[in-house]
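Asker: Dropping a structure here in structure tokens format, bear with me for questions.
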There are 4 protein chains.
Amino acid sequence: MSTHRIDELQFQLGPFRASVYQTLQFGAMAVGLTAMTLMTMASVDARFHVWLEIGLWCCLGIFAGELILRCWQRRPARASNYLFSAAGLLDVLAVLPVPFALLIGVPADTAWLFASLWLLKLTAIVPGFSLLGRVIALEARPLASVLVIFLIVILLAGAALHVLERAAQPERFGSLPLSLWWAVTTLTTTGYGDAVPDTFLGRVIAGVVMICGLGVFGLWTGILANGFAAEHRRLNFVQNWDLVTRVPFLRNLDPPAIIALTRMLRRIDLAGRTTVVRRGRPGDCMYFIASGEVEVEVQPKPIRLGPGAFFGEIALLKDTTRTATVTTTSASTLLVLEVTDFRDFMAHHPELAKMITEEGMRRASAIKAGTTADDRDNDDDDEV
Amino acid sequence: MSTHRIDELQFQLGPFRASVYQTLQFGAMAVGLTAMTLMTMASVDARFHVWLEIGLWCCLGIFAGELILRCWQRRPARASNYLFSAAGLLDVLAVLPVPFALLIGVPADTAWLFASLWLLKLTAIVPGFSLLGRVIALEARPLASVLVIFLIVILLAGAALHVLERAAQPERFGSLPLSLWWAVTTLTTTGYGDAVPDTFLGRVIAGVVMICGLGVFGLWTGILANGFAAEHRRLNFVQNWDLVTRVPFLRNLDPPAIIALTRMLRRIDLAGRTTVVRRGRPGDCMYFIASGEVEVEVQPKPIRLGPGAFFGEIALLKDTTRTATVTTTSASTLLVLEVTDFRDFMAHHPELAKMITEEGMRRASAIKAGTTADDRDNDDDDEV
Amino acid sequence: MSTHRIDELQFQLGPFRASVYQTLQFGAMAVGLTAMTLMTMASVDARFHVWLEIGLWCCLGIFAGELILRCWQRRPARASNYLFSAAGLLDVLAVLPVPFALLIGVPADTAWLFASLWLLKLTAIVPGFSLLGRVIALEARPLASVLVIFLIVILLAGAALHVLERAAQPERFGSLPLSLWWAVTTLTTTGYGDAVPDTFLGRVIAGVVMICGLGVFGLWTGILANGFAAEHRRLNFVQNWDLVTRVPFLRNLDPPAIIALTRMLRRIDLAGRTTVVRRGRPGDCMYFIASGEVEVEVQPKPIRLGPGAFFGEIALLKDTTRTATVTTTSASTLLVLEVTDFRDFMAHHPELAKMITEEGMRRASAIKAGTTADDRDNDDDDEV
Amino acid sequence: MSTHRIDELQFQLGPFRASVYQTLQFGAMAVGLTAMTLMTMASVDARFHVWLEIGLWCCLGIFAGELILRCWQRRPARASNYLFSAAGLLDVLAVLPVPFALLIGVPADTAWLFASLWLLKLTAIVPGFSLLGRVIALEARPLASVLVIFLIVILLAGAALHVLERAAQPERFGSLPLSLWWAVTTLTTTGYGDAVPDTFLGRVIAGVVMICGLGVFGLWTGILANGFAAEHRRLNFVQNWDLVTRVPFLRNLDPPAIIALTRMLRRIDLAGRTTVVRRGRPGDCMYFIASGEVEVEVQPKPIRLGPGAFFGEIALLKDTTRTATVTTTSASTLLVLEVTDFRDFMAHHPELAKMITEEGMRRASAIKAGTTADDRDNDDDDEV
């Protein structure tokens, strides 16, 4: 969703206005959260209260403006659609709570604490949240099991400690909620030390709870690690598939080869005028251009390669360093094939090896007679 | 065991009575545990003691009733079988301890703490415990090794700190049990801070113990993570195998293809009247119906697909959005094939690609002439 | 090494004497460590000092006796070999330090703390230590890198906090060693709370240190988890290979099939008279007998199967429950093939499917005409 | 980069001078850091201040000398290149800060704390940092997502606790920065215990924060573990590829076999006169010599094997123990093929089995008639 949102933005506003918009949003967030924090510090608030409040209202105004603009842009028909989407809900949550709290008479310094909800807007900008969300959704069952273990250990340990320690430390273990508080801080290995068992048996149980805590940690981590690895592969495959099908001669490989290659590629997004590979550096990967354009600095004049072209393969084929510098001319999406995977793929799919050589020859002869044979083999990974 | 138990329940009682039964059980658990907790808080207990005790007895009555019912249902012959099974033992543990404790003269507020055992019944309801249990059983050897490392570090560190710190802090490190208590809280990185070494050497040893703690964590997590991943795959395979063999045309694939597909599928259980895919949404998976029925909303009238049918494949084959909404008519079990795996499978098993097309054609012509060609390609993943 | 040692023991002494020997060793360890612990508790020591000391001397005597016996058993020639092996060193470490400490005038209560070294003997008994050791040895380089990160973070954070906090808290951060102590307790997320930064910048740095702590954890765990998984597979393969080559008809499979099978099998060691599978239970694996013997309870009289035979395959082939109970007659080593792997293997290696059927027929006809056809398909996994 | 640097060093200086240089550098680091630490301890500083300062200036001199030497060695042309590389920057950071701080009037004891930057030089010596760096760079997106979750949880929890606890504990939760400090120590499960919520709701939120902390841990670890595994495989492949292509008859295998073998091999670097395998020990791997030379102790006189040769295969083929001791004569790089992978490879690539036998025969007959047939099968893994 997040990358999607930024893409959509650039599409609607153009790159310059999109970056102004983003700077404004990040700025408002930073200024607003700082002002909110300072407002809670009595000494600062006493001297600058008016300025802080003006700053906060300005930030709120920016977010309110954004919300109204987005609704207006979509006409009444689709505005409700937007308001009930995840992104829309976050935009509403950023605007409404503070005025609402002030209206129902909450004191200003408390009401403005709702400004911390502004940080949630980051989830729509920073990529990767949908991935984490899917992992948690798919692994919900085992995660729930671990949570139940967690609850059982806490309740049993809390009850046991309550019985054992209530006589000696009534203010620490005198009721079950107090004991449970101790159990939670212990099982998570936080260990505030505000409540510590004194009896021998209580300490033995505490030790067992701590070790269970490590076990719970371990299971939790194991579940998330596996789920994350699987989702990461899936997402990578889905994204690469779209890009691979844009590269003409990859599309013509036989199906199992496409699948294998799609698994191996790694996508990188580069801004314009970024050096992709630098002449003389060791070459450890080759590149396919999914979108955008790159310029290869060769004599007598630079060559431009567009979507569907590839470069950097000669350094891998001949085990040499890069022989020319390659720079993007505009924002480009490249697909990187690491040398490891390159060799693996070449070994199992000799037809691609042939295609790469042939495609190179074809392109070389199409542009210029003698110079191009060397000029595509210039790449480095210093941007990666 | 757990899903098994719920399935068995639904089979015996029907879905409505099963859900009444489950609500009753969860309700009794929630009410009982809350009452037990409140009883330990002196101020609440003083005012509402009678009500709390009534609530607890009611909950106990419900669990006792369940236990008697289950025994009676099975006749004497199989009742003992049940009582010594894991589930039966939990049911007994929920009922007997409290009355027994009251009988032998334990004060009421302590006796009722045994009600925390009621929470153990969750292990029979929440799925996934048998999985966690198997992981721990299979990885028992390396986990035991880690535990022995744990014990050795604790004992050696405890003895060393006892020697180093007993003069300065006799009340903290004056005996080995006190030192061991410090070592346990330190190795698990809980760090209550009630006992902290003061000498230089003591602090160096403490630092080493903490780093060992991280190492123990790491090994423990590594073992559990690997074991969990292996078991998860195994369980998934076993469950899917049963479902795959119910889908006629999957059964006819050649054996290696069935194995590969069984590994790829993910099972989802949906209630009746749930929307599986929504027209116009992007399609990222296809579905096989293992049991239940779905309704495809096409013109002129909806089509129903039963066990063995599949849907959602056209959005993947043509890379389009879903072209119709599909809803379950009754509780259904679907097998999901993600687009990633779909493409992989299609590439390596061209015969399935053919079968899917043919099956689709056959079904389409069997139902209606011109409309069905488009109406099965309507699915979305908003339920996943 | 560990399992090796126990095997060697049983070979030399026979199972009964080996178990007496083991009980004696564990008993001496338990009694000795308890006595040592009690000795450090002033109140207990005052009343029972003589008895505790007698107990400790007895335990020491047992370990000294073991050491002498083992040396004597090996003659002078190989005794030095033994003494410098890992196991021998542990045996020496268990015996010498206490008398030596007493000789050079260390007070008795301190000298006996060396008895905690007795626990190290566990490493030679509990299996899995060599595995953990190999993981750490193979992953030494990345683990060392993490340790260096650890050191760098601690030193930089310690120096920074020393500068920031020394004025306000001279007794906590007044010298670099004090600051480093704080940094260690913080980076490991132990957090005793004896030293806590007060300044704003100090707390910001502390927050960064804590987050680095999580990162160090994560890297450490990732390294160990991967190393552990790889070693576990390797060890499993090596152990299974020896067993697979003892089963005649597995030996005759074509090489890639043997490799695949060796990866899939899981070894279980069962004592005599243990029920392997129970009639009527669901069957989720089949068994190969690597050594030992099992008895299949069929009519008219039980059948015995020895090394090289297999059982439990019919429940998998026909998807039925176990049809007879199988019990070991002596200590046996079985190789378990889970249903998941069984189906996978059958799909990819049809020749084994044929061999299993044929072997079954051959064995059936060799023993008795009509009864054996059903009697091998009786197994359960309640021992696994 | 790091191993590269050490290799470069040995190439320029020869092994002896390189080791003198390394000892000097490590020594200066150890002495300097110790002196710096002692200087912060008032009692030590009072007595030995002059000596400590002399020691520190000497160490600084050594590092400054190294920096100047390295610049001078590269001539002006490439010196700036060096100064802006990672290694050069570290060298500069080790030299400049202390004199600069003294110049601008920072007191000596504070200025010398910058000597802790000397530890950063370790990152250029200890191998594995580039690996860790790549993992973090490649997984930057999901790691950033986790960090954002971290920030959101801290801000929301901090704001909530500020509202709930400010009345009761104004000195602990009276301003948002104080609350945030509590939130950080809690979410990382450090738990200093300097600020602990007292209200019921505050404690419930604290419990949720702790559990979120475990989740953040888990995600973080999962991401790093997966990234680390992938990078480790990649790096191993790249390094092995270079070595495999130096072994003549491996180079002649068909491409998929080379790829498979490159994945299986593990590189070990041994010093001269190191025993690789010992006669009579069990054999669990075979060796290929990538560079260097080994001596096989056979009758009538030892045989020397150089780059491209292999040894240790007979113990694996015949399942026997090693039949001769093999020792390196000079620093050598060997490629280890574990028995697991050896059997796997032999099964799937019968042509290598043939090549290994043939190559052995050829070499045997080329050296001496009857003795060599047995003398290469002598290896052990006690150096591994």
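Asker: How far is residue D:273 from itself in the other copies, in nm, if each label sits 7 Å out from Cα along the Cα-Cβ line, shortest first?
Answerer: Those label-point separations list as 6.1, 6.2, 8.7 nm.
Asker: How big is D, in µm² s⁻¹, for chain D by Stokes-Einstein at 37 °C and 0.692 mPa s if Rh is the Kirkwood radius over C-alpha pairs? Walk me through the intermediate numbers first.
Answerer: On the way: Rh = 26.3 Å.
The Stokes-Einstein estimate is 125 µm²/s.
Asker: Which whole number gives the average, over all residues in A:137-146, of C-beta atoms from other chains lying within 10 Å of the residue C-beta? Mind dumping the intermediate values first?
Answerer: Numbers: counts 1, 2, 2, 1, 5, 9, 3, 4, 11, 4.
Mean number of neighbouring Cβ atoms from other chains: 4.
Asker: Right, another one. Based on DSSP H runs of at least 4 residues, each adding -39500 (n - 2.57), what is the mean residue ellipticity at 222 nm of chain B after dividing by all its residues, to the nearest 500 deg cm²/dmol? Working shown, then result.
Answerer: On the way: 18 runs with 252 residues, N = 384.
Per the formula, -21000 deg cm²/dmol.
Asker: Between residue B:295 and the same site in the other copies, what are the distances in nm, shortest first, taking label points 7 Å from Cα along the C-beta direction?
Answerer: The projected label point of residue B:295 is separated from its counterparts by 6.2, 6.3, 8.8 nm.
Asker: Between beta-carbons, use under 10 Å as the cut-off and find the net charge around residue C:28, counting Lys and Arg +1, Asp and Glu -1. Write out the running numbers ahead of the final one.
Answerer: On the way: positive: C:121; negative: C:66.
My count for the surroundings of residue C:28 gives 0.
Asker: Using a/c under 1.5 as the rounded threshold, could you call the range D:101-153 rounded, prolate or oblate? The axes a ≥ b ≥ c are square roots of the C-alpha gyration tensor eigenvalues, and prolate needs a/b larger than b/c, oblate otherwise.
Answerer: On the way: a/c = 4.59, a/b = 1.68, b/c = 2.73.
Oblate.
Asker: Read phi for every residue in the range B:105-117 and hand back ³J(HN,Hα) as whole Hz from Karplus 6.51 cos²θ - 1.76 cosθ + 1.60, θ = phi - 60°, with x for Gly and Pro.
Answerer: With the stated coefficients, the range B:105-117 comes to x, 5, x, 4, 5, 7, 4, 5, 4, 5, 4, 5, 5 Hz.
Asker: Here's another thing I want to ask about it. Expressed as a whole number of Å, what is the distance separating the alpha-carbon centroids of the range D:223-274 and the range C:200-279?
Answerer: If you average the Cα positions of each part, the centres end up 22 Å apart.
Asker: Among A:275, B:196, B:219, which residue has its Cα positioned farthest towards the positive end of the charge dipole of the protein assembly as shown, with +1 placed on the Cβ of Lys and Arg, -1 on the Cβ of Asp and Glu, and the dipole taken about the Cα centre?
Answerer: A:275
Asker: Related question: Pick out which of C:175, C:291, C:332 has the largest mean-square fluctuation in a Gaussian network model of chain C, springs linking Cα atoms closer than 10 Å.
Answerer: For chain C, modelled as a Gaussian network with Cα springs under 10 Å, the answer is C:175.
Asker: Next up: In C, who owns the beta-carbon nearest the axis carrying C over to D, and how many Å from it?
Answerer: C:193, 3
Asker: Along the charge dipole of the range B:249-375, Cβ charges K/R +1 and D/E -1, which of B:261, B:342, B:324 sits furthest on the positive end?
Answerer: B:324
Asker: Local charge sum around residue A:158 (other residues, Cβ-Cβ under 13 Å, Lys/Arg +1, Asp/Glu -1)? It would help to have the intermediate numbers written out before the result.
Answerer: On the way: positive: A:166, A:172, D:203; negative: A:165.
After counting each charged neighbour, the total is +2.
Asker: Now a separate question. Name the residues whose placed amide hydrogens come within less than 5 Å of the amide hydrogen of residue B:276, ignoring near sequence neighbours (fewer than 5 apart) on the same chain.
Answerer: B:326, B:327, B:328
Asker: Taking the Cα centre of chain B as the origin and placing charges on Cβ (Lys, Arg +1; Asp, Glu -1), which of B:240, B:80, B:208 is farthest toward the positive end of the dipole?
Answerer: Comparing the listed Cα positions along the dipole, B:80 ranks first.
Asker: Give the shape of the protein assembly as shown as rounded, prolate or oblate, defined through the alpha-carbon gyration tensor: a ≥ b ≥ c are the square roots of its eigenvalues, a/c under 1.5 means rounded, and otherwise the shape is prolate if a/b is larger than b/c and oblate if not. Could the numbers behind the result be given before it?
Answerer: Values: a/c = 1.01, a/b = 1.01, b/c = 1.00.
Rounded, since a/c falls under 1.5.
Asker: A further question on this structure: Give me a comma-separated list of calculated 3J(HN,Hα) values for the range A:286-298, in order, Karplus coefficients 6.51, -1.76, 1.60 applied at θ = phi - 60°, integers in Hz, x for any Gly or Pro.
Answerer: Each residue's phi maps through the Karplus curve to give 10, 10, 10, 8, 8, 8, x, 8, 10, 10, 9, 7, 10 Hz.
Asker: Can you list the DSSP H helices in chain D whose Cα atoms extend at least 20 Å along the helix axis and whose mean Kyte-Doolittle hydropathy is -0.5 or higher?
Answerer: Details: long enough: D:2-39 (39 Å, 0.30); D:42-73 (43 Å, 0.89); D:140-165 (36 Å, 2.10); D:200-244 (65 Å, 0.92); D:350-367 (26 Å, -0.27).
In chain D, the long hydrophobic H runs are D:2-39, D:42-73, D:140-165, D:200-244, D:350-367.
Asker: Between the range D:101-159 and the range C:299-322, what's the alpha-carbon centroid distance in Å?
Answerer: Between the Cα centre of the range D:101-159 and that of the range C:299-322, the gap is 62 Å.
Asker: Taking a label point 7 Å from Cα toward Cβ, how far is residue A:358 from its twins in the other copies, in nm, shortest first?
Answerer: 3.2, 3.2, 4.6
Asker: Can you compute the charge dipole magnitude of chain B about its Cα centre, using +1 on each Lys and Arg Cβ and -1 on each Asp and Glu Cβ, nothing else charged? Give it in debye, rounded to the nearest 20. Could the numbers behind the result be given before it?
Answerer: On the way: 34 positive and 36 negative charges, 153 e Å.
That gives chain B a dipole magnitude of about 740 debye.
Asker: Under a point-charge model restricted to the Cβ atoms of Lys and Arg (+1) and Asp and Glu (-1), what is the dipole moment magnitude of the range B:19-141 relative to its Cα centre, in debye to the nearest 20?
Answerer: On the way: 8 positive and 6 negative charges, 107 e Å.
Its charge dipole is roughly 520 debye.
Asker: Suppose every Lys and Arg Cβ carries +1 and every Asp and Glu Cβ carries -1, with no other charges. What dipole size does the protein assembly as shown come out with about its Cα centre, to the nearest 20 debye?
Answerer: Numbers: 136 positive and 144 negative charges, 263 e Å.
The dipole of the protein assembly as shown has a size of about 1260 debye.
Asker: Let me know the shape class of the range C:305-344, please: from the alpha-carbon gyration tensor, a ≥ b ≥ c as square roots of the eigenvalues, rounded when a/c is under 1.5, otherwise prolate if a/b is greater than b/c, or oblate. Intermediate values should be presented prior to the final figure.
Answerer: Numbers: a/c = 2.54, a/b = 1.49, b/c = 1.70.
Cα axes put the range C:305-344 in the oblate bin.
Asker: Follow-up question, since we're still on this one. Which of C:354/D:318; D:301/D:354; A:301/B:318; A:318/D:354; A:318/B:318 have a Cα-Cα distance over 32 Å? Before the final figure, lay out the partial values.
Answerer: Details: C:354/D:318 30 Å; D:301/D:354 28 Å; A:301/B:318 42 Å; A:318/D:354 30 Å; A:318/B:318 40 Å.
In this structure, A:301/B:318; A:318/B:318 exceed 32 Å between Cα atoms.
Asker: Here's a follow-up. Give, to the nearest whole percent, the P(r) tail of the range A:138-232 beyond 21 angstrom, counting all Cα pairs. All intermediate terms of the calculation are to be shown ahead of the outcome.
Answerer: Working: 1594 of 4465 pairs.
Distances greater than 21 Å cover 36 percent of the Cα pairs.
Asker: Another question, then. Just to check, using Stokes-Einstein with a Kirkwood Rh over alpha carbon pairs, what's the diffusion coefficient of the range C:2-126 at 10 °C and 1.306 mPa s in µm²/s? Before the final figure, lay out the partial values.
Answerer: Working: Rh = 15.4 Å.
Rounded, D is 103 µm²/s.
None of the figures in this text is laboratory data; all of them are computed from the coordinates on show. Because the structure is predicted, anything quoted here is derived from the model rather than measured. Heads up, the Cβs are rebuilt from the backbone with ideal geometry, glycines too, and the neighbour counts pull from every protein chain shown.
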